[in-house]
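Report on the following structure.
The values are calculated or read from the model by the stated rules, or taken from the named source; none is laboratory data. As the structure is a prediction and not an experimental result, all values here were calculated from the model. Glycine gets a Cβ as well: all are built from the backbone with ideal geometry, and neighbour counts include every protein chain shown.
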Amino acid sequence: MIMTQDNATAEIKEQVEKPQDDRTFGQKAISELKFFLGLFAFLLVFWTTIFGNYKIPSESMQPTLEVGDHLYVSKFAYGYSRHSFPLNLHKLPFLPKEGKIFSKLPVRGDVIVFRNQYTDMVMIKRLVGLPGDHIRVAAGRVYLNGELIERDQIEMLTYRDHRHKARTRVLSYAEQFPDEKEPHTIYEVSDRRNLDNAGEFTVPDGMVFFMGDNRDNSVDSRAPAGAHIPGTGPGFVPLDHLIGRADLIMFSLKRCKKEEGFYCPGRRFLKPL
């Protein structure tokens, strides 16, 4: 058989376009495993040090955060501790039990993800008190270091509790803590609920104090702290239990149907907090 120049060129081209893979099945499997292990390692570092992704399960932070909101949480905002690790890796026995590296003090008014030291539950609330602050909660009002935190009424609205579908009527108020750049909105059913007269608190060194924006539907630092009694709160939260600052609502899945006379939050996308 005589091979012409055109035939030889076509054969060489085919060899270039279709290289032979001489690896065994085991070698291919190891290569794939290395790829996925590398991807997992990258995501683990990213979720630990840069951003975390969390979904809101309850109404305790309404109207700032609604049930179904997906958040980006800045992990580098306050430094890193064992609680920065995702996937329950904070339970690894060789990690330091206390302390934080690159630690930064949060700002009053920040919306923060943290771990409850009593129940190990991950929670999200608004920061009200820093170390050394004196807080008094009386008749639904908050006093910070002896000064009343003013609030301005916005409107009255009604929504359905997502869990029990119960009708809930609330008053919304604009409230602003010292150091906050903009006011935030809170809900109050009344000023005579269980935690509306929680009393006085002095925040210890190395601790912070949290409250939910939906004041009468939030178990927070106002409630007695503990692990085994229903309705108890996180108490004062150690600074090394802070996981990150909620910065952005990535997206929100609508979780209620439109009803006349009822407030139903719509979808939200890339909304800064």
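Details
- Number of residues in region 82-99 that are part of a loop (DSSP other than H, G, I, E, B) and either hydrophobic (A, V, I, L, M, F, W, C) or closer than 30 Å to Pro183 by Cβ (or both) equals 5.
Here is a yes/no grid of residues against (1) out of contact with any Lys or Arg (no Cβ under 8 Å at 6 or more places or on another chain); (2) farther than 24 Å from Gly52 by Cβ; (3) at pLDDT below 85:
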position	(1), (2), (3)
Val203	yes, yes, no
Asn214	yes, no, no
Asp220	no, no, no
Gly226	yes, yes, yes
Pro238	yes, no, no
Gly244	no, no, no
Ile249	no, no, no
Gly261	yes, yes, no
Arg267	no, no, yes
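Residues checked against (1) of a type in the set (A, V, I, L, M); (2) more than 24 Å from Pro272 (Cα to Cα):
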{"site": "Tyr159", "(1), (2)": "no, no"}
{"site": "Arg167", "(1), (2)": "no, yes"}
{"site": "Gln176", "(1), (2)": "no, no"}
{"site": "Glu180", "(1), (2)": "no, no"}
{"site": "Ile186", "(1), (2)": "yes, no"}
{"site": "Ser190", "(1), (2)": "no, yes"}
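- Residue in region 20-66 that is modelled with the lowest pLDDT, counting only those that are more than 21 Å from Leu87 (Cβ to Cβ), surrounded by fewer than 16 Cβ atoms within 10 Å (Cβ to Cβ) and not charged (D, E, K, R): Gln20
- Residue ID - surrounded by the most Cβ atoms within 10 Å (Cβ to Cβ), chosen from residues in region 229-250 that are over 19 Å from Val73 (Cβ atoms) and touching a residue at least 12 places away in the same chain (Cβ under 8 Å): Gly233
- Segments classed as strands (runs of 3 or more DSSP E), wholly inside region 129-228, with at least 1 members that are without any contact (Cβ under 8 Å) to a residue 24 or more places away in the chain, out of contact with any Gly (no Cβ under 9 Å at 6 or more places or on another chain) and surrounded by 12 or more Cβ atoms within 10 Å (Cβ to Cβ): 141-144, 167-175
- Of the residues Arg108, Arg126, the single one that is touching a Gly at 6+ places or on another chain (Cβ under 9 Å), buried (at least 18 other Cβ atoms within 10 Å of the Cβ) and not in a loop (DSSP other than H, G, I, E, B) is Arg126.
- Residue match in region 139-150 (condition: under 26 Å from Tyr54 (Cα atoms) and of a type in the set (Phe, Trp, Tyr)): no
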